[in-house]
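Beneath this line is the structure, given in structure tokens, with notes to follow.
The values are calculated or read from the model by the stated rules, or taken from the named source; none is laboratory data. All values reported here derive from a predicted model rather than from experimental measurement. Reconstructed Cβ throughout: ideal geometry from the backbone, glycine too, with neighbour counts over all protein chains shown. Keep in mind that these areas ignore ligands, DNA and RNA; they rest on the heavy atoms of the full protein, side chains included. Shrake-Rupley method; radii C 1.70, N 1.55, O 1.52, S 1.80 Å.
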Amino acid sequence: MTDTRTSLTRRDWMRGAAATAGLLAAPGQASARRIAPSDRVNVAIIGAGGMGAQNMTKLTGENIVAVADVDFGYVAKAFVDDKGLARPERQLLKQAYDRAAKFADYRRMLDSRKDIDAVVIATPDHHHAIAAKTAMEHGLHVYVQKPLTYTVREGRKLLDLARRNPKLVTQMGNQGHSGDDGRRVVELIRGGVIGRVREVHAWTNRPVWPQGEARPAAVPKPAALDWDLWLGPAAVDWGYNPDYAHFNWRGWVPFGIGSLGDMGAHLIDFPVWALEPGLPTRIETRHSRWGGDADIWDGKPPADLGSYPLANITTYQFGHAKGGPITMTWYDGGLMPPTPAAMPATARMNPDGGVLYIGERGMLMHDTYGEKPVLVGEGTAARAAAVPVSLARVQGGREGHEMNWIRAIRGEEAISSPFAVAVPLNETMILGMVAMRADQPIEYDGAAGQITNLADANRFLDREYREGWAL
């Protein structure tokens with residue numbers, strides 16, 4: 001058994017060395033403690049219930065030293081089922097949370113705790129960028145749930161910070177990127193099994209939360225909830241309603257970025273990865289009614305809009321794709337693409353979500369997370385058998401995404417979805433929401449990060465922040 005006192009002394013010494021190095025680093029750089037393969041990583045969590053608890057259940061073999069959440073009454077529900085009975089698979093996590101230091105404000109946690117190595121961020125979307133940037137500036141590795149950020153500008157700032165601090169290990173929580181099936185999809189597409197791809201369709205059954213609705217009236221908040229901290233950087237305060245917190249926030253304009261933000265990271269990931277199209281050059285969104293007092297955005301503030309439309313179809317044109325122009329169409333709200341005439345009856349599209357690639361020599365279709373790939377077309381199976389495995393497989397596959405981050409921190413495995421990969425994917429997703437707000441097609445210069453045909457729409461690449469929360 002390791003002598004805890006010796007281990008702590010070594011950690012403290014390394015912390016001191018890292019702090020000294022940080023003082024000598026260039027502006028904007030932070031130093032992370034070097035962690036050997038034999039060490040456990042000191043992990044903190046921001047947003048400890050819901051998805052955060054799912055992430056942290058995978059990390060109970062590490063040292064969970066601090067927990068930040070605005071409602072520990074809600075966090076407690078993560079350890080019991082619908083009948084109030086203890087969930088056996090969460091009891092190790094409960095014990096770890098019970099031992100950890102507790103904070104309502106993650107900024108205070110990051111300022112005061114000097115023993116943290118890495119932070120998992122599983123807050124509502126509108127907090128992601130601020131929490132990640134603050135953690136990285138403290139020299140901490142970060143795992144950030146999808147969508148990585150609320151805006152395009154936020155993503156670019158995080159990528160710049162990651163590039164200036166290359167020792168920090170970053171990961172977005174799009175776990176399908178670590179899955180064996182998804183990696184095989186990429187190999188098959190790149191291996192030319194279905195020939196050159198010019199057309200892609202991606203769809204999801206989301207939202208499974210309120211959208212297309214006007215905002216409800218405020219009601220008294222739960223006693224344990226710090227509503228002011230939950231709002232954080234949000235520029236509006238509608239008052240508490242359970243339709244926002246704790247689960248349903250993603251469909252409301254100030255707090256989330258809708259179905260594209262939720263599932264685009266899992267579905268758009270694979271065409272972007274396999275086809276290397278670069279950033280889209282033209283985006284157009286057609287959608288149902290906004291959930292508020294306006295049929296279209298038309299420059300109105302979020303308070304007038306309420307929730308995002310219930311369903312949308314977004315068309316992305318990639319004019320600078322590596323293999324030539326590509327069109328990708330996104331469908332949500334239960335909408336799906338038409339079935340190609342060549343699709344056999346036995347290869348039905350999964351209504352829960354999937355991706356269809358239409359190539360010159362066949363088609364490939366898979367479910368969400370890249371799972372259950374199906375090839376359609378004469379000769380595709382034989383060609384697939386000849387395509388070698390070329391991408392490294394992640395230990396544990398999709399279920400090992402969190403531990404991949406830990407192993408990468410210890411230098412044991414390459415990171416799966418770092419910000420260098422996640423930010424362009426995230427930007428592609430968000431541009432669909434930008435086009436929705438612009439309510440007409442936008443033309444995009446990815447190198448400059450600018451909309452070129454509608455100058456006024458560039459404001460949707462950024463957002464306003466509440467005082468005290470600016471990025």
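Does segment 44-59 contain any residue that is more than 18 Å from D98 (Cβ to Cβ), over 18 Å from the mean Cα position of the chain (by Cα) and buried (at least 21 other Cβ atoms within 10 Å of the Cβ)?
Among the residues of segment 44-59, not one is more than 18 Å from D98 (Cβ to Cβ), over 18 Å from the mean Cα position of the chain (by Cα) and buried (at least 21 other Cβ atoms within 10 Å of the Cβ), which makes the answer no.
Answer yes or no: is there a residue in segment 181-203 that is more than 30 Å from V376 (Cβ to Cβ) and in contact with a Phe, Trp or Tyr (Cβ under 9 Å, 6 or more places away or on another chain). I'd like the intermediate steps shown before the answer.
If we filter segment 181-203 for residues that are more than 30 Å from V376 (Cβ to Cβ), which is where we start, we get none.
Checked against the condition, which is being more than 30 Å from V376 (Cβ to Cβ) and in contact with a Phe, Trp or Tyr (Cβ under 9 Å, 6 or more places away or on another chain), segment 181-203 yields no hits at all.
Please verify whether segment 421-444 includes one or more residues that are surrounded by fewer than 13 Cβ atoms within 10 Å (Cβ to Cβ), at pLDDT 95 or above and of a type outside the set (S, T, N, Q).
no
Suppose we keep only residues that are touching a helix residue (DSSP H, G or I) at 6+ places or on another chain (Cβ under 7 Å) and either acidic (D, E) or over 14 Å from G155 (Cα atoms) (or both) within segment 451-465. Which one would you say is most open to solvent (accessible area, probe 1.4 Å)?
Ranking the qualifying residues of segment 451-465, first place goes to D462.
Residues checked against (1) over 23 Å from the mean Cα position of the chain (by Cα); (2) open to solvent by less than 10 Å² (accessible area, probe 1.4 Å); (3) at pLDDT below 95:
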{"site": "D226", "(1), (2), (3)": "yes, no, no"}
{"site": "L231", "(1), (2), (3)": "no, yes, no"}
{"site": "Y244", "(1), (2), (3)": "no, yes, yes"}
{"site": "L267", "(1), (2), (3)": "no, yes, no"}
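Just for segment 77-126: of the residues that are buried (at least 19 other Cβ atoms within 10 Å of the Cβ) and among the acidic types (D, E), which one is nearest to R34 (Cα to Cα)?
Residue satisfying both the conditions and the ranking: D117.
Name every residue in segment 378-399 that is buried (at least 20 other Cβ atoms within 10 Å of the Cβ) and part of a loop (DSSP other than H, G, I, E, B), in order of residue number.
Across segment 378-399, the qualifying residue is only V394.
Here's the yes/no breakdown for (1) open to solvent by less than 40 Å² (accessible area, probe 1.4 Å); (2) within 20 Å of the chain's Cα centre (by Cα); (3) modelled with pLDDT of 95 or more:
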site: T285; (1), (2), (3): yes, no, yes
site: L305; (1), (2), (3): yes, no, no
site: H320; (1), (2), (3): no, no, no
site: W330; (1), (2), (3): yes, yes, yes
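For the structure I just gave you, tell me whether Y369 is open to solvent by less than 30 Å² (accessible area, probe 1.4 Å) and either closer than 19 Å to R198 by Cβ or under 33 Å from the mean Cα position of the chain (by Cα) (or both).
Numbers: open to solvent by less than 30 Å² (accessible area, probe 1.4 Å): no; either closer than 19 Å to R198 by Cβ or under 33 Å from the mean Cα position of the chain (by Cα) (or both): yes.
No: the conditions fail for Y369.
Under 8 Å between Cβ atoms, at least 6 apart or on separate chains: pull out the pairs that start in segment 390-415 with a residue that is free of Cβ contacts under 8 Å to residues at least 40 places away in the same chain and end on any residue that is aliphatic (A, V, I, L, M) and assigned to a helix (DSSP H, G or I).
Hits for this filter: Q395/M403; A414/A408.
Kindly list the number of the only condition in (1) modelled with pLDDT under 95; (2) under 30 Å from I358 (Cα atoms) that fails for D181.
Checking D181 against (1) modelled with pLDDT under 95; (2) under 30 Å from I358 (Cα atoms), the one that fails is (1).
If I ask for residues that are assigned to a loop (DSSP other than H, G, I, E, B), within 26 Å of the chain's Cα centre (by Cα), at pLDDT 95 or above and charged (D, E, K, R), which ones from segment 196-224 would you list?
R206
Can you name the residue in segment 350-360 that is loosely packed, with under 15 Cβ neighbours inside 10 Å and either touching a Gly at 6+ places or on another chain (Cβ under 8 Å) or among the hydrophobic types (A, V, I, L, M, F, W, C) (or both) and is also nearest to G195 (Cα to Cα) among such residues?
Across segment 350-360, the extreme among qualifying residues is E360.
Here are the criteria: (1) hydroxyl-bearing (S, T, Y); (2) under 20 Å from Y465 (Cβ atoms); (3) touching a strand residue (DSSP E or B) at 6+ places or on another chain (Cβ under 7 Å). Tell me which single one T151 does not satisfy.
For T151, the failing item is (3).
When the residues of segment 246-259 are filtered to those that are part of a helix (DSSP H, G or I) and surrounded by fewer than 24 Cβ atoms within 10 Å (Cβ to Cβ), which remaining residue is modelled with the highest pLDDT? Steps first, please.
Within segment 246-259, the first condition is being part of a helix (DSSP H, G or I), and the residues that meet it are 248-251, 258-259.
Filter once more, so that each one left must be surrounded by fewer than 24 Cβ atoms within 10 Å (Cβ to Cβ): 248-249.
Details: N248: 92, W249: 95.
Checking each candidate, the answer is W249.
State which residue is nearest to A457 (Cα to Cα) when the search covers only segment 146-169 and only residues that are open to solvent by 10 Å² or more (accessible area, probe 1.4 Å) and not in a helix (DSSP H, G or I). Break it down into steps so the answer makes sense when it comes.
Of segment 146-169, the ones open to solvent by 10 Å² or more (accessible area, probe 1.4 Å) are 146, 150, 153, 156-157, 159-160, 162-164, 166-169.
Cutting the leftovers down to not in a helix (DSSP H, G or I) gives us 146, 150, 166-169.
On the way: K146: 24, Y150: 16, P166: 33, K167: 36, L168: 34, V169: 33 Å.
Result: Y150.
Residue-wise test of (1) farther than 15 Å from M51 by Cβ; (2) over 23 Å from the mean Cα position of the chain (by Cα); (3) assigned to a helix (DSSP H, G or I); (4) touching a residue at least 60 places away in the same chain (Cβ under 8 Å).
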{"residue": "V65", "(1), (2), (3), (4)": "yes, yes, no, no"}
{"residue": "G73", "(1), (2), (3), (4)": "yes, yes, yes, yes"}
{"residue": "K77", "(1), (2), (3), (4)": "no, yes, yes, no"}
{"residue": "D82", "(1), (2), (3), (4)": "yes, yes, no, no"}
{"residue": "Q95", "(1), (2), (3), (4)": "yes, yes, yes, no"}
{"residue": "D98", "(1), (2), (3), (4)": "yes, yes, yes, no"}
{"residue": "R107", "(1), (2), (3), (4)": "yes, no, yes, no"}
{"residue": "A131", "(1), (2), (3), (4)": "no, no, yes, yes"}
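Take the residues of segment 127-136 that are farther than 18 Å from V75 by Cβ and out of contact with any strand residue (DSSP E or B) (no Cβ under 7 Å at 6 or more places or on another chain): which is surrounded by the most Cβ atoms within 10 Å (Cβ to Cβ)?
Taking segment 127-136 first, the residues farther than 18 Å from V75 by Cβ are 128-130, 132-136.
Next, only the ones that are out of contact with any strand residue (DSSP E or B) (no Cβ under 7 Å at 6 or more places or on another chain) stay: 129-130, 133-134.
Working: A129: 25, I130: 22, K133: 17, T134: 20.
Within segment 127-136, the match that is surrounded by the most Cβ atoms within 10 Å (Cβ to Cβ) is A129.
Sort out which residues of segment 400-415 are assigned to a helix (DSSP H, G or I) and either of a type in the set (A, V, I, L, M) or open to solvent by 30 Å² or more (accessible area, probe 1.4 Å) (or both), and write them in order of number.
M403, I406, A408, I409
Filter segment 159-185 down to residues that are closer than 25 Å to D445 by Cα and under 13 Å from the mean Cα position of the chain (by Cα), then give me how many there are.
1
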